[in-house]
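Heads up, the thing below is written out as C-alpha cells.
The values are calculated or read from the model by the stated rules, or taken from the named source; none is laboratory data. Predicted model only: the values in this text are computed from it and were never measured. Every residue, glycine as well, gets a Cβ built from its backbone with ideal geometry; the counts of neighbours run over all protein chains shown.
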Amino acid sequence: MELQVYMEKIHTAAKMIEERCGTAEVAVILGSGLGDYINALEDATSVSYEDIPGFPVSTAPGHEGRWFCGTLHGKRVCMMQGRFHSYEGYGLDEVTLPIRVMKLLGVKTLIVTNAAGGVNADFTPGDLMLINDFINLSGKNPLTGPNLGDFGVRFPDMTYAYNPELKQKTREIAKSLNIDLKEGVYCWFNGPTYETPAEIRMARVLGADAVGMSTVPETIVARHSGMNVLGISCITNMAAGMLDQPLSHIEVMETGIRVKNVFRALIDGVIENL
Ligand code: HPA
C-alpha cells in the first residue's frame, strides 16, 4: 500500500476510535479464549471492527472483532477482542494497523497474548509462558517497504523485543499468585496449517520453546514505534509430533478456556502494578 494512503488509513481509524472509545495508555491483545477479559473494564465503550473505517475484520474462530476501551486499576486500557493473522489473507500492514492506531491513541505498554503449541518437552498444555524473545520463521516482516518515519527508525533494534522490566514484574506477580510461569522463545510460523513434526524438530534445534501464528508482527511494529511490549503465551497443546496424536483447533480452544481465569489473573496483576 502506498505510504500516504496507509498513513491516512491509520489516522482515520484512530480518529474514529478516539471519538467512540477514547485514548489509552495500555493495550491488551486478547488471544484465543481470553476474549471475556473485556468484562473487567469499568465504563467500557466499544466499537465493532466492521464499523472502523479501513479496519480489517477478524475471521478466525474464537476472535470476536471488537475494540474496547475503559478503565482498569485506574488506567485507561484498550483491549482488542480478536486480532488479525497473516493466514487469514491479510497483508502485514493490515495485521498491524491496530498497533499503529494504538500508538496514535497514546499507548505506551502493549500486552500481547496468544495460544501456542509447546515445543519444550518440559511444558504441559495449560502452562503459561512468558515470551522471552521471538524467532521469525515466516520469511516476512511487517516493516517491509518504505519506512513510516513518523513512527520509528528504518532499522529498529530488537534486542529488547520484550521489555526486561515488564518481564521481571510479571515473574514476581506470577510468584505472588502461585502461578508456575514458564519462560521461553516464541517462534512464528505463518499457518494456517499446524507445523509438521519435522518443522517442530527444526524449531527446537533453533531454540524455540513454543510455536504460533501471531504476535511477532504486532511486537515488531510496537517496538518500531517505541512501545514496551509484554508477551504471554498459553500453551494449549504440545506441538506436532511430540505426542502420538493429531492437533486440533478444538483442543486449542478447550485448553484456552480451561486456563483463562489464571491467564486473566496474571494479566490483571500486571496491569494493576504498571
Ligand atoms: N502451532 C501453531 N499455532 C498454534 C499451535 C500450534 O501447535 N497451538 C496454538 N496455536
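The criterion of being more than 9 Å from the ligand (Cβ to nearest atom), outside any loop (DSSP other than H, G, I, E, B) and buried (at least 16 other Cβ atoms within 10 Å of the Cβ) does not hold for Arg171. Taken together, the criteria exclude Ala198 from residues that are in a helix (DSSP H, G or I), within 15 Å of the ligand (Cβ to nearest atom) and in contact with a strand residue (DSSP E or B) (Cβ under 9 Å, 6 or more places away or on another chain). Pairing residues of segment 140-166 that are touching a residue at least 24 places away in the same chain (Cβ under 8 Å) with residues that are assigned to a loop (DSSP other than H, G, I, E, B) and surrounded by 18 or more Cβ atoms within 10 Å (Cβ to Cβ), at Cβ distances under 6 Å and at least 6 apart in sequence or on separate chains, gives Pro142/Thr96; Phe151/Ser225; Gly152/Ser225.
Regarding Ile179, is this residue touching a residue at least 12 places away in the same chain (Cβ under 8 Å), in a helix (DSSP H, G or I), away from the ligand (no atom under 12 Å from the Cβ) and over 17 Å from the mean Cα position of the chain (by Cα)? No, not satisfied. For segment 147-157, state whether one or more residues are modelled with pLDDT of 95 or more and within 25 Å of Ile200 (Cα to Cα). No - not one qualifying residue is present in segment 147-157.
Restricting attention to segment 221-259, the residues that are assigned to a helix (DSSP H, G or I) and either of a type in the set (Ser, Thr, Tyr) or surrounded by 19 or more Cβ atoms within 10 Å (Cβ to Cβ) (or both) total 7. Restricting segment 201-214 to residues that are outside any strand (DSSP E or B) and near the ligand (Cβ under 10 Å from one of its atoms) leaves a set whose member that is farthest from Ser86 (Cα to Cα) is Ala203. Checking the stated criteria, Phe123 turns out to be within 16 Å of the ligand (Cβ to nearest atom) and at pLDDT 95 or above.
Only a single criterion out of (1) farther than 13 Å from Ala27 by Cα; (2) surrounded by 21 or more Cβ atoms within 10 Å (Cβ to Cβ) is not satisfied by Tyr90, namely (2). Look at (1) on the phi < 0 side of the Ramachandran plot; (2) within 14 Å of the ligand (Cβ to nearest atom); (3) in contact (Cβ under 8 Å) with a residue 24 or more places away in the chain; (4) out of contact with any strand residue (DSSP E or B) (no Cβ under 9 Å at 6 or more places or on another chain) and you find that Arg264 fails only one, number (2). Applying a threshold of 7 Å to beta carbon distances and a minimum spacing of six or more residues, or different chains, the list of pairs starting in segment 229-240 at a residue that is within 16 Å of Ala121 (Cβ to Cβ) and ending at one that is within 8 Å of the ligand (Cβ to nearest atom) and in a loop (DSSP other than H, G, I, E, B) reads Asn237/Leu247; Ala239/Glu195; Ala240/Tyr194; Ala240/Glu195; Ala240/Leu247.
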